[in-house]
1. Which residues, counting only those in region 112-141, are buried (at least 24 other Cβ atoms within 10 Å of the Cβ) and within 16 Å of ligand 2 (Cβ to nearest atom)?
2. Looking at Ser314, Ser254, Ser272, can you tell me which residue is of a type in the set (Gly, Ala, Ser) and either more than 14 Å from ligand 1 (Cβ to nearest atom) or touching a Leu at 6+ places or on another chain (Cβ under 7 Å) (or both)?
3. Tell me, yes or no, whether region 177-198 has at least one residue that is over 22 Å from Gly142 (Cα atoms), open to solvent by less than 10 Å² (accessible area, probe 1.4 Å) and not aliphatic (A, V, I, L, M).
4. Does at least one position in region 149-169 carry a residue that is within 20 Å of Gln313 (Cα to Cα), open to solvent by 50 Å² or more (accessible area, probe 1.4 Å) and either within 16 Å of ligand 1 (Cβ to nearest atom) or in a helix (DSSP H, G or I) (or both)?
5. Output the residues belonging to region 69-109 that are touching a Cys at 6+ places or on another chain (Cβ under 9 Å) and within 16 Å of ligand 2 (Cβ to nearest atom).
6. Kindly check whether there is at least one residue in region 132-139 that is of a type in the set (S, T, N, Q) and either more than 16 Å from ligand 1 (Cβ to nearest atom) or in a helix (DSSP H, G or I) (or both).
7. Examine region 205-213 for a residue that is open to solvent by 10 Å² or more (accessible area, probe 1.4 Å) and either assigned to a helix (DSSP H, G or I) or farther than 23 Å from Lys132 by Cα (or both), and state whether such a residue exists.
8. With the requirement that a residue be hydrophobic (A, V, I, L, M, F, W, C) and either away from ligand 1 (no atom under 13 Å from the Cβ) or more than 21 Å from Ile269 (Cβ to Cβ) (or both), what does region 94-124 give you?
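The values are calculated or read from the model by the stated rules, or taken from the named source; none is laboratory data. These numbers were taken from a predicted model, which means no experiment stands behind them. In this analysis, Cβ positions are derived from the backbone assuming ideal geometry, glycine residues included, and neighbour counts consider all displayed protein chains. What goes into the accessible areas is simple: the full protein's heavy atoms, side chains included, and nothing from ligands, DNA or RNA. Shrake-Rupley method; radii C 1.70, N 1.55, O 1.52, S 1.80 Å.
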Amino acid sequence: MIITMKKNAPDSEMHAIIENLEGMGLKVTLIQGADYNVFGVVGDTTRVDEKLIAANPHVDHVARVAAPFKKANRLFHPQDTIVDVAGVKVGGQENVVVIGGPCSVEGEEPLLEIAKGVKEAGGAMLRGGAYKPRTSPYAFQGMGSEGILCMVKAREKYGLPIVSELMSESKLPEFEEYVDLIQVGARNMQNFDLLKALGKSTKPVLLKRGLSNTIEEWIMAAEYIMAGGNENVIMCERGIRTFEKYTRNTLDLSVIPILKEKTHLPIIIDPSHATGDSKLVESMSLAAIAAGADGLIIEVHNNPKCAWSDGAQSLTPPAFAQVIEKGRKIAQVIGRDI
Ligand code: PEP
Ligand code: MN
């Protein structure tokens, strides 16, 4: 961290800042110039509130050199993290993992049919929401525990690990018992109590990017889970809110190389929520694989027109199979496979 003091800042102010930082175990070096005095601060600066220092009227400028995240930081963990989800490996250089399934679980029979399609297409995991974060309180809220049990049946029948969204810490024991990969939805990305609870869990977590969150805020959300001791975090970009109206959200594919550089965590793309339109899902899936994504999570429904949620962005099983077939070719070009 570099702190530049204003011209003629009183010595007493400079000493107060130095004392405070040294009290936090940091090493402070003063560089005295003709016009400005500059401090170089080294050590673990993650606990320093740079805005508080910058608010001092005698401070001209504060610049952070180190990122505020440690556990997720590629600098301290150069090798890729590979998250093992009930035997399916997510991350690393070789595999691209494709997850498919309905937005909401709608009952055992319909789910088993979709799971069959996902399995036959080459999908590696089954997704299905049982607790749904709906914008309207009058919309279908999900089947709850019954939906989770339908997912368990589908796993038994098709051997696909299951992914479902956890909205409340109170349901964590249920998810720890039944679910293989716990999804934190975009709306809960900064639900810090939920993140802390997941930090104490040993289950892998799929952490979606918040609707309007920066990449750094998203990595800091992962840091919450990792700081609690759970390092099995998979990041998921699902589009962010912009002024654009032709798509539901704006898919930010640049996060793939950025996260790969800044962190060691796997990153997967959700082209369904990112676009809101089934017609756009295939092209964005292929682009994501080409850009180096470690996987995709795609909404699949046997009859999208009648889906209880997100039908407009859901693929039929044959369309999902085609994404995997074409995606595999792209993956092979960059030395990976699906
Ligand atoms: C979902 O996966 O169905 C979902 C609600 O996703 P998001 O949190 O990205 O909106
Ligand atoms: Mn959905």
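1. Restricting attention to region 112-141, the residues satisfying the condition of being buried (at least 24 other Cβ atoms within 10 Å of the Cβ) are 114-115, 118, 123, 125-130.
Within region 112-141, Ile114, Val118, Met125, Leu126, Arg127, Gly128, Gly129, Ala130 meet the criteria.
2. Testing whether each residue is of a type in the set (Gly, Ala, Ser) and either more than 14 Å from ligand 1 (Cβ to nearest atom) or touching a Leu at 6+ places or on another chain (Cβ under 7 Å) (or both) leaves just Ser254.
3. No: zero hits.
4. Looking for residues that are within 20 Å of Gln313 (Cα to Cα), open to solvent by 50 Å² or more (accessible area, probe 1.4 Å) and either within 16 Å of ligand 1 (Cβ to nearest atom) or in a helix (DSSP H, G or I) (or both), one finds none in region 149-169, hence no.
5. Answer for region 69-109, where residues must be touching a Cys at 6+ places or on another chain (Cβ under 9 Å) and within 16 Å of ligand 2 (Cβ to nearest atom): Val105, Glu106.
6. no
7. no
8. In the first step, residues of region 94-124 are kept if they are hydrophobic (A, V, I, L, M, F, W, C); the result is 96-99, 103, 105, 111-112, 114-115, 118, 121, 124.
Passing the criteria: Val96, Val97, Val98, Val105, Leu111, Leu112, Ile114, Ala115, Val118, Ala121, Ala124.
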